[in-house]
1. Inspect region 57-76 for any residue being of a type in the set (Phe, Trp, Tyr), surrounded by fewer than 17 Cβ atoms within 10 Å (Cβ to Cβ) and modelled with pLDDT of 90 or more and give the result as yes or no.
2. For region 7-25, which residues satisfy the criterion of being among the small types (Gly, Ala, Ser), surrounded by 17 or more Cβ atoms within 10 Å (Cβ to Cβ) and at pLDDT 95 or above?
3. Within region 150-169, how many residues turn out to be within 17 Å of Tyr25 (Cβ to Cβ) and more than 17 Å from the chain's Cα centre (by Cα)?
4. Would you mention how many residues in region 101-132 are surrounded by 12 or more Cβ atoms within 10 Å (Cβ to Cβ) and aromatic (Phe, Trp, Tyr)?
5. Go through region 74-188 and tell me which strands (runs of 3 or more DSSP E), entirely inside it, have 2 or more residues that are in contact (Cβ under 8 Å) with a residue 60 or more places away in the chain and either in contact with a strand residue (DSSP E or B) (Cβ under 8 Å, 6 or more places away or on another chain) or of a type in the set (S, T, N, Q) (or both).
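The values are calculated or read from the model by the stated rules, or taken from the named source; none is laboratory data. It should be emphasised that the depicted structure is a prediction, and the values quoted were computed from it without experimental measurement. Counting neighbours? That spans all protein chains shown, and the Cβs are built from the backbone with ideal geometry, glycine included.
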Amino acid sequence: MKLDSYIDAGTLASVEFANRLTPGYANGKPVAETDVLQAVREVVAIDPPSVAAVSEKDEDGFVALAKRLRAIFVGIDGGHIDEAAELLNTILSEHPATPYLAKEEGVWHLHHHPSDAAILPMWTAICAEGLARMIGTQNAHRLGICMAENCDRVFADTSKNATRRFCSSACQNRIKTAAFRARKRTAAVTENKP
């Protein structure tokens, strides 16, 4: 997924943690149990040292983080941005972002966590900072929960016109297909009336 100026790796990781590590429904089906450590490694794959640092001792912490992140999306989607901001402030006070510049492969990159942070506090700070930036730049409307029936996965809208309302094209297509079939049934009933 393309990173825009208002949607960074922390925001996208927040989406992935919330979707992969919390129960609920995805694409009309219950979310299957997942291998937590494998899911975490896939989410943090943008940073290879993070993948190597993930261990079993972090499993419960990442699940707890995912639940907190989902609560933020639920708050924002429900129009409770003040509450979502307070949740973020709590997380940020527990895991403050400490920006610093690091030169990697000859290019300077801005990081939002202490350079020596353990994996869970580091990604907690990254996710919290990313979501806080969405609220602070008046882009919270780009965070939401899928509006498809039997789906509660979260998303970050990267579209130009900020009109995304589904977590995936699968959910969007499922809803469009159901609406098409409903219109077709209504038309058939109308045609068959004497």
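1. Going through region 57-76, the residues of a type in the set (Phe, Trp, Tyr) turn out to be 62, 73.
Then keep just the ones that are surrounded by fewer than 17 Cβ atoms within 10 Å (Cβ to Cβ); that gives none.
Within region 57-76, none of the residues are of a type in the set (Phe, Trp, Tyr), surrounded by fewer than 17 Cβ atoms within 10 Å (Cβ to Cβ) and modelled with pLDDT of 90 or more.
2. The answer is Ala13, Ser14, Ala18.
3. Residues that pass the stated criteria total 1.
4. Here is the first cut: in region 101-132, the ones surrounded by 12 or more Cβ atoms within 10 Å (Cβ to Cβ) are 111-114, 117-132.
Among the residues that remain, those that are also aromatic (Phe, Trp, Tyr) are: 123.
The number of residues fulfilling the criteria is 1.
5. Numbers: elements: 100-104, 107-111, 143-145, 154-156.
Where strands (runs of 3 or more DSSP E) fall fully within region 74-188 and carry at least 2 residues being in contact (Cβ under 8 Å) with a residue 60 or more places away in the chain and either in contact with a strand residue (DSSP E or B) (Cβ under 8 Å, 6 or more places away or on another chain) or of a type in the set (S, T, N, Q) (or both), they are 143-145, 154-156.
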